[in-house]
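Below is one structure, written out as structure tokens; comments come after it.
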Amino acid sequence: MIHLTSVDPANETCDTLVVPVCEDIDIHSNSILKELIQSAKKMPEFKGEPGDEIIFYAVPKIKATRVVLGGLGKSDALTAEKLRCFSGKVVKQCITKKMSGITIVVPDIDSESLMAEAIFKALMEGACLANHIYDKYKKEKKLKPIETIRFLIDTEKAKKYRLLPKQVQTLCGGTILAREWVSTPSNDKKPEQLIKSIAAEAKKYNVPITILNEKELKQKKFGAILAVAAGSESRPGLVMMEHSPQNAKKTVLLVGKGVTFDAGGINLKGAAGLETMKMDMAGAAAVAATVITAARLNLKQTRIVGVLPIVENMPSGRATRPGDVITSFGGKTIEVGNTDAEGRLILADAISYALKIYSPDTVIDIATLTGACIVALGEKIAGVFSTDNALATRIVSAGERTYERCWQMPLPEDYKELMKSDLADIKNLSSSKGGGAITAALFLADFIDKDIPWAHIDIAGPAYIGKATDYCGSGGTGFGVRLICDYLENI
Ligand code: BES
Ligand code: ZN
Ligand code: ZN
């Protein structure tokens, strides 16, 4: 839990007082802290450079048991992300050292590039996101999250930003919810189980939810979703959830890929990295958590609809074969060139249906869609593909603010030819080896049959990490929740 407090830092009685320090300028106005920082900087091991740390115990005139000074580097190079990493790191340290409570002193600066609110928000985000431990599958729970994290801030700002801690906790709660869904092993999130879990979370926060089961999907002719699900013992579903503020004038449709395990189907994947394919529902996790978070934050302007096709992609005697032709929801026929290109199939059906039902003003889909996007942008940056440059720019800007980084990629019309089929209307596989992330996006574009802004976010890289970072453990990252919430807040 995050708390705001505005006592004199010297009078804060806690076990650990954390003081961020810049290399070049004073960022604290408290005279006792200033003195302490000055004397620390006289030591060879502490200059306030990034990563510098020095711990003082039993400091005269300071009530805290220990004071940790941490370096932030030069003030003009300070960014929100550096602050997230700073607070994330100290929170993780406190968890491993089993400290009970920590208080972080918020810097007293308000530069043009980084406003006081952004500084404070970033510090809280890093702390909140780092204070998450996914140990559901450990018999012995060795580490515990910190119970209270306090932020020391002057009286005026404490008043001004009094609502911020709860908002940040709600937002980070959304990221953590998505992280846990993604990290859950596939044997515990078969489509039926994942749908139940999403429905339970939605109910908790009064988010209306509708689920189409396999029978209804058959009746309504969701040929592509059913084709992907055919090889699995688990039944597919289509989840729809909604945050509808009273006076909303516009509808944003969010569609998330929900493949609870992607074995590749009959085009079975190789052994390398197969165990990470439990993360192939990260798009659906991000969308579900975003709709819930938007509802909890009570975002007012826009109606937000989340649509999640949830399936498992497995090989079996009942599985769809390469070369099969299927009929998608809208009636368009698809030649299945490769059963491992299943994400675009389920998204095509979900998008066609949602366009018809919800008449949205904007459509954004988010999916762990292609390995090719990882080749293009690496593991930390998502690809954004859009027919609408203004929409793409808004998403990229949200990525800069949240550090859920996005990069706009091209959508060249002529590449559509690569997915021509002699047999059907379109093929789910490109005839070229190159540009796989682009052709996947162009396949989706073919199902946006109305003239509305649409963007596709390929999160194959950043949805999952093998190694922990300053404020995220290994496993699901929850990428997309803070990104899309920021986009929605700044619409
Ligand atoms: N789920 C994968 C994409 C993926 C790969 C996500 C690595 C995360 C990490 C997707 O369904 C897939 O298998 N795509 C194929 C498409 C190909 C068969 C055209 C790919 O990227 O190789
Ligand atoms: Zn696949
Ligand atoms: Zn996949």
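The values are calculated or read from the model by the stated rules, or taken from the named source; none is laboratory data. Only a predicted model underlies this, so the values are computations on that prediction, with no experimental measurement involved. Neighbour counts run over all protein chains shown; Cβ positions are idealised from the backbone, glycine included.
Taking the condition of being within 12 Å of ligand 3 (Cβ to nearest atom) and buried (at least 19 other Cβ atoms within 10 Å of the Cβ), how many residues in region 265-274 meet it?
Total meeting the criteria: 2.
Taking region 224-236 only, how many residues are within 21 Å of Leu369 (Cβ to Cβ) and either among the basic types (Lys, Arg) or assigned to a helix (DSSP H, G or I) (or both)?
6
Quick check on region 338-362: of everything there that is of a type in the set (Gly, Ala, Ser) and near ligand 1 (Cβ under 9 Å from one of its atoms), which residue is farthest from Thr320 (Cα to Cα)?
Gly343
Report yes if Val259 is buried (at least 24 other Cβ atoms within 10 Å of the Cβ) and either within 16 Å of ligand 3 (Cβ to nearest atom) or closer than 22 Å to Asn428 by Cβ (or both), otherwise no.
For Val259, the condition - buried (at least 24 other Cβ atoms within 10 Å of the Cβ) and either within 16 Å of ligand 3 (Cβ to nearest atom) or closer than 22 Å to Asn428 by Cβ (or both) - is met.
For the condition over 30 Å from Gly331 (Cβ atoms) and under 25 Å from the mean Cα position of the chain (by Cα), what is the one hit in Ala468, Ala440?
The match here is Ala468.
Which one of these does Ile484 not meet: (1) under 15 Å from the mean Cα position of the chain (by Cα); (2) part of a loop (DSSP other than H, G, I, E, B); (3) more than 16 Å from ligand 3 (Cβ to nearest atom); (4) among the aliphatic types (A, V, I, L, M)?
With respect to (1) under 15 Å from the mean Cα position of the chain (by Cα); (2) part of a loop (DSSP other than H, G, I, E, B); (3) more than 16 Å from ligand 3 (Cβ to nearest atom); (4) among the aliphatic types (A, V, I, L, M), Ile484 is out only on (2).
So Gly88 fits all but one of (1) touching a helix residue (DSSP H, G or I) at 6+ places or on another chain (Cβ under 7 Å); (2) farther than 23 Å from Tyr471 by Cα; what number is the exception?
Of the numbered conditions (1) touching a helix residue (DSSP H, G or I) at 6+ places or on another chain (Cβ under 7 Å); (2) farther than 23 Å from Tyr471 by Cα, the odd one out for Gly88 is (2).
I need a count of the residues in region 456-491 that are basic (Lys, Arg) and free of Cβ contacts under 8 Å to residues at least 24 places away in the same chain.
Residues meeting the conditions: 1.
Output yes when any residue across region 397-405 is surrounded by fewer than 20 Cβ atoms within 10 Å (Cβ to Cβ), modelled with pLDDT of 95 or more and in contact with a strand residue (DSSP E or B) (Cβ under 8 Å, 6 or more places away or on another chain), and no when none is.
yes
Does region 295-306 include one or more residues that are under 18 Å from Ile459 (Cβ atoms) and either in contact with a helix residue (DSSP H, G or I) (Cβ under 8 Å, 6 or more places away or on another chain) or within 15 Å of ligand 1 (Cβ to nearest atom) (or both)?
yes
Can you name the residue in region 106-119 that is among the acidic types (Asp, Glu) and in a loop (DSSP other than H, G, I, E, B) and, of all such residues, is farthest from Leu4 (Cα to Cα)?
Glu112
Provide a single number: the residues in region 1-54 that are closer than 20 Å to Met124 by Cα, not in a strand (DSSP E or B) and not hydroxyl-bearing (Ser, Thr, Tyr).
11
If you take just the helices (runs of 4 or more DSSP H) that sit entirely in region 120-212, which of them hold at least 1 residues that are within 22 Å of Ala286 (Cα to Cα) and out of contact with any Ser or Thr (no Cβ under 6 Å at 6 or more places or on another chain)?
It comes to 164-183, 191-204.
Tell me whether region 213-224 contains one or more residues that are within 16 Å of ligand 3 (Cβ to nearest atom) and either closer than 17 Å to Ala367 by Cβ or more than 21 Å from the chain's Cα centre (by Cα) (or both).
Yes - at least one qualifying residue is present in region 213-224.
Give the residue that is surrounded by the fewest Cβ atoms within 10 Å (Cβ to Cβ), with candidates limited to residues of region 413-430 that are in a loop (DSSP other than H, G, I, E, B) and not basic (Lys, Arg).
The selected residue is Asp422.
Just give me the residues in region 137-157 being farther than 22 Å from Val90 by Cα and over 23 Å from the mean Cα position of the chain (by Cα), in sequence order.
Lys138, Lys139, Glu140, Thr155, Glu156, Lys157
Take region 90-112 and flag every residue that is at negative phi and surrounded by fewer than 20 Cβ atoms within 10 Å (Cβ to Cβ).
Within region 90-112, Gln93, Ile95, Thr96, Lys97, Met99, Ser100, Gly101, Asp108, Ile109, Asp110, Ser111, Glu112 meet the criteria.
Go through the residues of region 167-187 one by one and say whether even a single one is free of Cβ contacts under 8 Å to residues at least 12 places away in the same chain, over 20 Å from the mean Cα position of the chain (by Cα) and within 23 Å of Tyr403 (Cβ to Cβ).
No, there is no match, as no residue in region 167-187 is free of Cβ contacts under 8 Å to residues at least 12 places away in the same chain, over 20 Å from the mean Cα position of the chain (by Cα) and within 23 Å of Tyr403 (Cβ to Cβ).
Acidic (Asp, Glu), under 20 Å from the mean Cα position of the chain (by Cα), within 30 Å of Ala229 (Cβ to Cβ) and more than 16 Å from ligand 2 (Cβ to nearest atom): does that describe Glu404?
So Glu404 passes the test.
Restricting the first residue to region 334-361 and requiring it to be in contact (Cβ under 8 Å) with a residue 40 or more places away in the chain, which pairs with a second residue that is charged (D, E, K, R) and surrounded by 24 or more Cβ atoms within 10 Å (Cβ to Cβ) meet a Cβ separation below 7 Å and a spacing of at least six or different chains?
Listed pairs, sorted by first residue: Glu342/Asp262; Gly343/Lys257; Ile346/Lys257; Leu347/Lys257; Leu347/Asp365; Ile351/Asp365.
Of everything in region 166-200, what is surrounded by 20 or more Cβ atoms within 10 Å (Cβ to Cβ), farther than 16 Å from His132 by Cα and not aliphatic (A, V, I, L, M)? Give them in sequence order.
Ser186, Lys189, Pro191
What tally of residues in region 113-129 results from selecting those that are surrounded by 14 or more Cβ atoms within 10 Å (Cβ to Cβ) and out of contact with any strand residue (DSSP E or B) (no Cβ under 8 Å at 6 or more places or on another chain)?
Final tally of qualifying residues: 8.
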